[in-house]
Amino acid sequence: MKISKTIRVTYLLTLLIAILSCASKQHIVTEEEPLITQPKLLFLNFEIVKLNDTKSVSLINQITTDGKLKGHTSEESKGDIGDLEYLILDKDLNQLERHYIKNPLKKL
């Protein structure tokens, strides 16, 4: 009786090990659709006022819209004193580009 029980247990363990060793070792990975985000443009409208020697800048509104910037063709130059500097940032707030707008308060 004990021998047949031992043989049965040994046979079942051998069968179990054989089944598990033949199983696929590949990791099953479900392919997820990559999340495609549309580029966005952020328009900031400011009011700049100069009274005497005091300058005041206030945000009027901001508009976010779908789109992307066209190629910027201006030469790489440094802005003059009083020019406005704007930066183009990525989603992690890393600087991609730097551009200047001539001083809007300076009379031509």
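The values are calculated or read from the model by the stated rules, or taken from the named source; none is laboratory data. Because the structure is predicted, anything quoted here is derived from the model rather than measured. Heads up, the Cβs are rebuilt from the backbone with ideal geometry, glycines too, and the neighbour counts pull from every protein chain shown.
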Answer with yes or no whether LEU105 is under 13 Å from LEU42 (Cα atoms), surrounded by 10 or more Cβ atoms within 10 Å (Cβ to Cβ) and either of a type in the set (D, E, K, R) or modelled with pLDDT under 85 (or both).
no
How many residues of the stretch 35-63 are more than 14 Å from TYR86 (Cβ to Cβ), surrounded by 10 or more Cβ atoms within 10 Å (Cβ to Cβ) and at pLDDT 85 or above? The answer is 1
Between a first residue in the stretch 68-83 that is at pLDDT below 75 and a second residue that is assigned to a loop (DSSP other than H, G, I, E, B), which pairs have beta carbons less than 9 Å apart while being 6 or more apart in sequence or on different chains?
LEU69/PRO39
